[in-house]
Amino acid sequence: MRLAFFYTLFFIVFGQTVFAQKFSFTPEGMVGNRSYFYTHTFNYQISDKVKLQNLILFDTEYDNDKHNILFMRNTLVYQFSKYFSLNTSIGIKNPGKFASMLVQYQVVGKEMLFSYSVGTTYQAGFTLEQSILFEYTPSITDKVKGLFRVSAVGNVNKEEYTRGFQHIRLGVKYEQYSFGLATNLEQFNNSWKHLENYGVFAKVNL
């Protein structure tokens, strides 16, 4: 509750400045064989070096709520060099609230994006968290690009691989719209519990 209060207070104090600056919204939906998946990212650029980011993700099965996945994260990003940033986050994910601090390395090219993050997350104990994102968008025509994107996250502690996922997208990108084939792979507790979802996706960059 105190962490939630801190972020609420932060938005109240700095809200007018935040919304006056650069803002972006990126929603994505997926319909798969097992479940419906939705995620979006809000970015508020406060300055050249500081931004706020809100990420929401949920995955719900068609028949029941037994394997629902919920993830909400608020992040304060400080870009301390051209390629490196410090990300401080709080949020909620199965089974409860968490806090994390990660260092991120990111390179953005004309047709490629690569990002790697490493740090620690606290949720009923500390875990080492690593994440990777690779996106390749080769030009097909003047307005159409191909799209290949892989994002993966893994959390480990001294005893086990506690949580991980791999999301793969293969399709095309037309202006701010992307769509194509999608695969979501989820693992829990040394992969004794794992979920797969195969389907199609659509994404918009606003």
Worksheet item: Looking at this structure, is TYR44 surrounded by 17 or more Cβ atoms within 10 Å (Cβ to Cβ), within 21 Å of ASN205 (Cα to Cα) and free of Cβ contacts under 8 Å to residues at least 40 places away in the same chain?
Response: yes
Worksheet entry | Subset of the stretch 56-74 [assigned to a loop (DSSP other than H, G, I, E, B) and not aromatic (Phe, Trp, Tyr)] | ASP63, ASN64, ASP65, LYS66, HIS67, ASN68
Discussion item. Return the residues of the stretch 119-129 that are farther than 17 Å from GLN166 by Cβ and either part of a strand (DSSP E or B) or among the hydroxyl-bearing types (Ser, Thr, Tyr) (or both); say none if nothing qualifies.
Written reply: GLY119, THR120, THR121, TYR122, PHE126, THR127, LEU128
Worksheet item: Given HIS167, HIS194, which one is within 20 Å of LEU57 (Cα to Cα) and either among the aromatic types (Phe, Trp, Tyr) or at pLDDT below 95 (or both)?
Response: HIS194
Item to complete: Say whether the condition of being closer than 23 Å to PHE58 by Cα and basic (Lys, Arg) is met by at least one residue in the stretch 173-184.
Response: no
Practice prompt. Report, by residue number, each residue of the stretch 146-194 that is hydrophobic (A, V, I, L, M, F, W, C), open to solvent by 70 Å² or more (accessible area, probe 1.4 Å) and closer than 22 Å to VAL31 by Cβ.
Written response: PHE148, LEU170, PHE179, LEU181
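The values are calculated or read from the model by the stated rules, or taken from the named source; none is laboratory data. Keep in mind that this is a model prediction, so the values were computed, not measured. Methodologically, a virtual Cβ is constructed for each residue, glycine included, from the backbone with ideal geometry; neighbour enumeration extends over all protein chains shown. Just the protein is used for accessible areas: all its heavy atoms, side chains included, with ligands, DNA and RNA removed. Shrake-Rupley method; radii C 1.70, N 1.55, O 1.52, S 1.80 Å.
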